[in-house]
1. Quick check: the angle from helix 32-43's long axis to the longest principal axis of the chain, C-alpha only, nearest 10 degrees?
2. What is the set of long-range amide H partners of Glu159 at a cut-off below 5 Å, with H atoms built 1.01 Å from backbone N?
3. With unit charges on the beta carbon (Lys/Arg positive, Asp/Glu negative), name the residue among Phe24, Gly257, Ala5 whose Cα is farthest towards the positive pole of the charge dipole of the chain.
4. Once you keep just the Cα pairs under 8 angstrom separated by 6 or more residues, what percentage relative contact order results for the chain?
5. Considering the options Pro289, Gly248, Ala305, tell which one lies farthest towards the positive end of the dipole of segment 228-382, charges being +1 on Lys and Arg and -1 on Asp and Glu at the Cβ, about the Cα centre.
6. In segment 142-248, what chymotrypsin sites (Phe, Trp or Tyr not before Pro) fall in a loop by DSSP, with at most 11 other Cβ atoms inside 10 Å?
7. Any idea how far the Cα center of segment 301-376 sits from the one of segment 60-128, in Å?
8. Strictly greater than 38 Å: what percent of every Cα pair in the chain meets that?
Amino acid sequence: MKAYAIVLAAGKGLRAGQKQNKMFARLAGKTPLEYSLKACRRAGCFDGVVIVCQPQEIERAKAIGREIFPDACYVAGGATRQESAYAGLKALPADADIAAIHDGARCFIRPELFVRCIESCKQYGSGVAGRRCTDTVKVVDGEDCFVKTLNRDELILVETPQVFMYREILEAYEQAFAQNYTGTDDASLMERMGKQVKLVESQGENFKLTMPGDFARGERHLQREQAMRIGQGYDIHALVSGRPLILGGVHIPHETGLAGHSDADALVHALIDALLGAAAMGDIGELFPDTDPAYKGADSMALLAQVKQLLDAENWQIDNVDATLFLEKPKMQPYKTVIRDTLAKALGLKVDQINIKAKTAEKFGAVGRQEAIAASVTCLLHR
Ligand code: MG
């Protein structure tokens, strides 16, 4: 199925208090339009994009969109959101199956939300982003006096993207215009056609830049998102006979191996702790308790894969990993390359993003007496 995004950027943004259309204002050096388009691209689920802007701003929008979506289509919007979305819908190619309408001013959207809305549309015929209401919502009369309290369990705060089968949403728009009906979102036009619209719960920030304070909130959000995060992890396991020696997911021939509840891969355990530490997600013991029989003899690389999934879900990217092993024997030089390859593959990184060092303890302490092997790992993450 072919899916297209329609990014609405034609508003005047009068309420946002900017001297220009808010889609072209600066947020940490970039425009909201650029953030929105990049999120569409990272989602990786669109066959094309239509950008709806004011006629006099099309060239400006092209200058921003060119690098991100070289084949994007630009159309002139109307006086209202509904007119602009309709112009975008009419610009989709005939082979479009799915249309995702997104307010460009919701520029902090996580790409995964596009993906989930598209998936919902494939399964249920629609997928509209929104979140459950946690505040109490009341109805007031003309004098601002409370008339009644709504049941918040039934209330959803609707966002975008709003994703529908193209033919259906186009028909809903045609009917709305034919009958002079104006809704405040796309889903409402489907609802009045008697169509079922499915909620996709959004996570993370997906607020719309509307009021002046939203820009300050956006700046704070971007600072948090763009910050680099350092993590460090350490682990030590006893060397005993009758156990394999596994370090960094690689079996290393040796007369002794590491004792532990799992496969006792001290290097991977320290790596997991470094990653969790950088992401502020706790530590390996909380995630995979050694009191849990499920992790007896566990393959630490499988645990690492789970941690990678957690990082992916929170949008964390790994910049680099630097590890030091503390051991007297065996010599690690012959195994460093295969360990780097193994870890790079597991984390979806390039080999040069991973470094392995090995040191002896000069015969001091438990490591020096060959009673244990320790590992220390540092990593850097960003979103
Ligand atoms: Mg351990």
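Any read-out appearing in this document is the output of simple, stated calculations on the displayed coordinates, not a laboratory observation. Bear in mind the structure is a predicted one, so any value in this text is a computation, not a measurement. Neighbour counts run over all protein chains shown; Cβ positions are idealised from the backbone, glycine included.
1. Approximately 60 degrees, to the nearest ten.
2. Sorted by chain and number, the residues that satisfy this are Ala129, Gly130, Arg131.
3. The residue sitting farthest along the positive end of the dipole is Phe24.
4. Relative CO of the chain lands at 14 percent.
5. Of the options given, the answer is Gly248.
6. none
7. Between the Cα centres of segment 301-376 and segment 60-128 lies a distance of 43 Å.
8. Result: 38 percent of Cα pairs exceed 38 Å.
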